[in-house]
Structures are given as structure tokens and as C-alpha cells.
1. Pull up region 77-105, narrow it to residues that are in contact with a Lys or Arg (Cβ under 8 Å, 6 or more places away or on another chain) and either hydrophobic (A, V, I, L, M, F, W, C) or at pLDDT below 95 (or both), then point me to the one that is nearest to residue 185 (Cα to Cα).
2. Please specify each residue of region 3-33 satisfying the condition of being under 17 Å from residue 78 (Cβ atoms) and more than 8 Å from the ligand (Cβ to nearest atom).
3. Given the structure, is residue 129 farther than 29 Å from residue 92 by Cβ and at pLDDT 95 or above?
4. Step by step: first the residues of region 204-235, then only those that are more than 7 Å from the ligand (Cβ to nearest atom), without any contact (Cβ under 8 Å) to a residue 60 or more places away in the chain and not aliphatic (A, V, I, L, M), then the one that is surrounded by the fewest Cβ atoms within 10 Å (Cβ to Cβ). Which residue is that?
5. Go through region 236-247 and count every residue that is among the hydrophobic types (A, V, I, L, M, F, W, C) and more than 14 Å from the ligand (Cβ to nearest atom).
6. Consider residue 185 carefully, then state whether it is touching a helix residue (DSSP H, G or I) at 6+ places or on another chain (Cβ under 9 Å), at pLDDT 95 or above and surrounded by 21 or more Cβ atoms within 10 Å (Cβ to Cβ).
Amino acid sequence: MNQDDVGRAVAALRSARRVVAFTGAGVSAESGLATFRGAGGLWEGHRVEEVATPEAFAADPLLVWRFYDQRRVHALAARPNPAHETLSAWQERFPSYMVVTQNVDGLHQGAGSRDVIELHGSLWRLRCTGCGRERDDRTAPLPALPPRCAACGAAERPGVVWFGEALPTEAVMAAKSAVERCDVLLVVGTSAVVYPAAALVELAAAAGATVIEVNPEASALAHLAGVALRGPAGRLLPQVAAGLAGG
Ligand code: OAD
């Protein structure tokens with residue numbers, strides 16, 4: 001990574017009016033939260049794709065509950081880092097600005113981001129498996145057994161999107177429409193291998209946006225990036241912000 005790349009990112013952002021930041025687990029890595037594929041995709045010897053599914057919850061609800069409870073405990077102790085803070089501050093700079101995240105940890109909102117689309121739901125929401133009623137809940141650790149819905153008595157489940165489940169329609173539509181119209185798409189801390197979320201990068205590139213990737217490693221869609229900032233987002237995004245502020 002050299003300073004020219006930061007300069008090119010600054011130049012693209014300086015002339016941009018519509019900006020979308022598309023983020024993944026890497027944006028929270030410097031807050032101490034493990035990424036999915038960085039940890040080898042394993043949790044207590046289980047592949048994440050085997051724990052984060054409706055089938056796993058049906059077969060062994062307590063195991064899945066414990067997995068999400070641990071994630072809640074970690075996320076509650078985590079603080080937003082300079083990457084979240086920079087992405088939040090930019091909402092005051094661009095006439096149109098939105099954060100679209102695959103993360104469920106709530107750290108963008110913790111840093112003050114107002115317009116956040118959560119494509120994969122949130123650790124801080126519980127949803128009834130019976131009537132679908134949702135509620136916010138920030139206690140961690142949770143009770144060892146999934147709580148019962150106050151309305152219908154069925155078990156509650158984490159309000160996240162599991163593998164094989166559809167993403168929330170409204171969130172996907174809002175994200176697509178923002179990405180189709182943006183001048184710059186920042187792709188921060190995602191391996192860009194999980195669809196349909198990753199398709200947002202393809203959509204932006206096809207619509208003519210400048211894609212700026214911020215990631216120590218090349219993602220699966222790095223070839224679509226006009227600018228690649230290779231390093232940790234918590235260090236590089238503040239450098240870009242300083243360049244922008246420098247006029
Ligand atoms: P991954 O774990 O697949 O990728 C994390 C990315 O962050 C990798 O490309 C790392 O190189 C990068 N990274 C690590 N540290 C970084 C740092 N300090 N700054 C910037 N980048 C850094 O996580 P996601 O792409 O978010 O889905 O995974 C996508 C989805 O797959 C998740 O939302 C989840 C998962 O399984 C569901 O649970 C449905």
C-alpha cells in the first residue's frame with residue numbers, strides 16, 4: 001500500500017456526492033471481534049456454516065443459542081474502532097450516504113451511524129419462531145434456554161439471517177437502490193464470498209461506481225476495485241479522512 005492509493009481514494013471521494021460503505025466482519029476486527037473466515041470458520045470445532053443454520057437450531061437449539069450468546073457477550077464488550085468512527089463521521093460530509101453491513105454486532109450504530117442497513121439482521125434482536133414477533137434485547141449473557149415469546153409462548157431465536165435463509169426484502173431493496181446510484185462504493189473488511197450480499201459490489205461496478213476496497217487482503221471481488229487500500233481499515237480510513245479534510 002502506498003500513499004498514491006490513499007490519494008486516489010481521496011480524489012474519488014472528493015468529487016463524490018453519493019457514497020455507500022459496504023462492510024463485513026473485518027471492520028470490527030480491530031475492536032477485537034473475530035472474523036468468520038479468519039478464524040478458519042470454526043467455533044468449538046464446528047464449522048460456522050453448520051451452526052448458523054435453521055437446521056442446526058432445530059436439531060440442537062442449545063448449541064446454537066450458546067454460539068450466539070458468546071457472540072453477544074463479545075460484542076457487548078467491544079467498542080467501535082477508528083474505522084467505524086470514520087464511516088460514521090462521513091454521514092455529515094456527503095449529501096447521500098449510507099452504511100450497508102453484513103455485521104450483526106451493532107458497532108456502526110455504536111459509533112453514531114444513523115443510516116445503517118443490516119443485511120444479516122442483528123445480535124440485539126430476538127424473533128419468535130412461532131408468530132414472528134421481534135423485540136430488542138441487549139442482555140448478555142442470555143438465559144441458558146431460549147426465552148418464550150410473551151405473545152404466543154413459542155421459543156425465541158436470534159434475529160439474524162442464517163445460511164439458507166432469505167435476507168430481509170426491504171433491506172436488500174434499499175441497499176440495491178443506493179448501490180446502483182452511488183458514485184463511490186467503499187468495500188471494507190469483507191471477503192465478498194457470501195451472496196447475495198456480495199452481489200452489491202458487482203451491481204455498483206456495473207452501474208459505473210468507483211469501488212474502493214479497504215482490506216489487508218484481496219477479496220474475491222478485488223478485481224472490481226478501482227482503488228485497493230491494503231491494510232487495516234482502522235488505520236487506513238482515518239488517513240483517507242485526513243486527506244479529505246486537508247482540502
Ligand atoms: P469474513 O470473515 O469472510 O471476511 C473478513 C474480511 O475482513 C477478510 O477479507 C479479511 O482479510 C478482512 N480483514 C481482516 N482484518 C481487517 C481489518 N483490520 N481491516 C479491514 N479488513 C480486515 O467476513 P464477511 O465477509 O463479513 O454471514 O463474511 C460475510 C458473511 O459470511 C457474514 O455476514 C456471515 C458469514 O458467514 C452470515 O452469518 C449469514
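1. Step by step, filter region 77-105, then rank; the result is 94.
2. Restricting attention to region 3-33, the residues satisfying the condition of being under 17 Å from residue 78 (Cβ atoms) are 23-33.
28, 31, 32, 33 - these are the residues of region 3-33 that are under 17 Å from residue 78 (Cβ atoms) and more than 8 Å from the ligand (Cβ to nearest atom).
3. On the way: farther than 29 Å from residue 92 by Cβ: yes; at pLDDT 95 or above: no.
No, not satisfied.
4. 208
5. In the first step, residues of region 236-247 are kept if they are among the hydrophobic types (A, V, I, L, M, F, W, C); the result is 236-237, 240-242, 244-245.
Narrowing the set further to residues that are more than 14 Å from the ligand (Cβ to nearest atom) leaves 241-242, 244-245.
Adding up the residues that qualify gives 4.
6. For residue 185, the condition - touching a helix residue (DSSP H, G or I) at 6+ places or on another chain (Cβ under 9 Å), at pLDDT 95 or above and surrounded by 21 or more Cβ atoms within 10 Å (Cβ to Cβ) - is met.
Residues checked against (1) in a helix (DSSP H, G or I); (2) farther than 22 Å from residue 172 by Cβ; (3) within 16 Å of the ligand (Cβ to nearest atom):
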| residue | (1), (2), (3) |
| --- | --- |
| 64 | yes, yes, yes |
| 70 | yes, yes, yes |
| 73 | yes, yes, no |
| 76 | yes, yes, no |
| 80 | no, yes, yes |
| 83 | yes, yes, yes |
| 86 | yes, yes, yes |
| 104 | no, no, yes |
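Residue-by-condition table, conditions (1) buried (at least 21 other Cβ atoms within 10 Å of the Cβ); (2) free of Cβ contacts under 8 Å to residues at least 60 places away in the same chain; (3) assigned by TED's automatic domain parsing to the domain that holds residue 232:
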{"residue": "5", "(1), (2), (3)": "no, no, yes"}
{"residue": "11", "(1), (2), (3)": "no, yes, yes"}
{"residue": "14", "(1), (2), (3)": "no, no, yes"}
{"residue": "23", "(1), (2), (3)": "yes, no, yes"}
{"residue": "43", "(1), (2), (3)": "no, yes, no"}
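The values are calculated or read from the model by the stated rules, or taken from the named source; none is laboratory data. None of these values were measured; they are calculated from a predicted model. Using ideal geometry, Cβ is built from the backbone for each residue, glycine included, and neighbour counts are taken over all protein chains shown.
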